[in-house]
1. Mind listing whichever residues of the range 128-163 are loosely packed, with under 10 Cβ neighbours inside 10 Å and modelled with pLDDT of 85 or more?
2. Can you name the condition, by its number, that residue 11 falls short on among (1) within 16 Å of the ligand (Cβ to nearest atom); (2) surrounded by 10 or more Cβ atoms within 10 Å (Cβ to Cβ); (3) modelled with pLDDT of 90 or more?
3. Name every residue in the range 97-118 that is surrounded by fewer than 12 Cβ atoms within 10 Å (Cβ to Cβ) and in contact (Cβ under 8 Å) with a residue 24 or more places away in the chain, in order of residue number.
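The values are calculated or read from the model by the stated rules, or taken from the named source; none is laboratory data. From a predicted model like this one, the values you see are computed outputs, not experimental measurements. Here the Cβ positions follow ideal geometry from the backbone for every residue, glycine too, while neighbour counts run over all protein chains shown.
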Ligand SMILES: [Zn+2]
C-alpha cells in the first residue's frame, strides 16, 4: 500500500491509499479518485518535499566531538588479561595430548629404534611374531613402508624433548 497526498483542481489536499503507483494512475485516469471536499475527480499527486531533518548550517549545536577525548586521559581500550593465560593453554593441552598418545602407543610396544623399517617389514611379512613396535624411520622409509601396505603412523614426540 502506498499513501499519496493528493490535490484536487480546487487545491484541496487529502490523503488516500492505493495498492500501487500504477493503481493510482489507473483509478485517477478513470475518474475514480475524487476529492472528498468538493467531489472533483481532477486530482493529482501532490508534490511532496522530502521529509528530512532540519539542518542548521553554520551553527553547530551540542558539544564539540574533541572535548570528550581531550581531557579523558588514556584511551579506554584496555587489553584484557585473559589472552595471556589462554595463549599457552592450547599448547599445554596439545603437549598433554601428545604425551598421552605417546604413552599409549609405546606402552605395550617394543622400541626397535633405527631398526623400525626392518622390523616392520619382518612383522608384516610374517618373518617374526606380530607385535607392536615403535622406532625411528625417515620420511622416505615411512613412505616406502606405506607403499608396501605396512601401516605406520607418526609417533608424537616426547614432551620432554625440548627441555
Ligand atoms: Zn477538492
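1. 129, 130, 139, 140, 147, 149
2. Checking residue 11 against (1) within 16 Å of the ligand (Cβ to nearest atom); (2) surrounded by 10 or more Cβ atoms within 10 Å (Cβ to Cβ); (3) modelled with pLDDT of 90 or more, the one that fails is (2).
3. The answer is 108, 111.
Residues checked against (1) within 44 Å of the chain's Cα centre (by Cα); (2) over 30 Å from residue 132 (Cβ atoms); (3) at pLDDT below 90; (4) within 16 Å of the ligand (Cβ to nearest atom):
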site: 42; (1), (2), (3), (4): no, yes, no, yes
site: 45; (1), (2), (3), (4): no, yes, yes, yes
site: 67; (1), (2), (3), (4): yes, yes, yes, no
site: 81; (1), (2), (3), (4): yes, yes, yes, no
site: 106; (1), (2), (3), (4): yes, no, yes, no
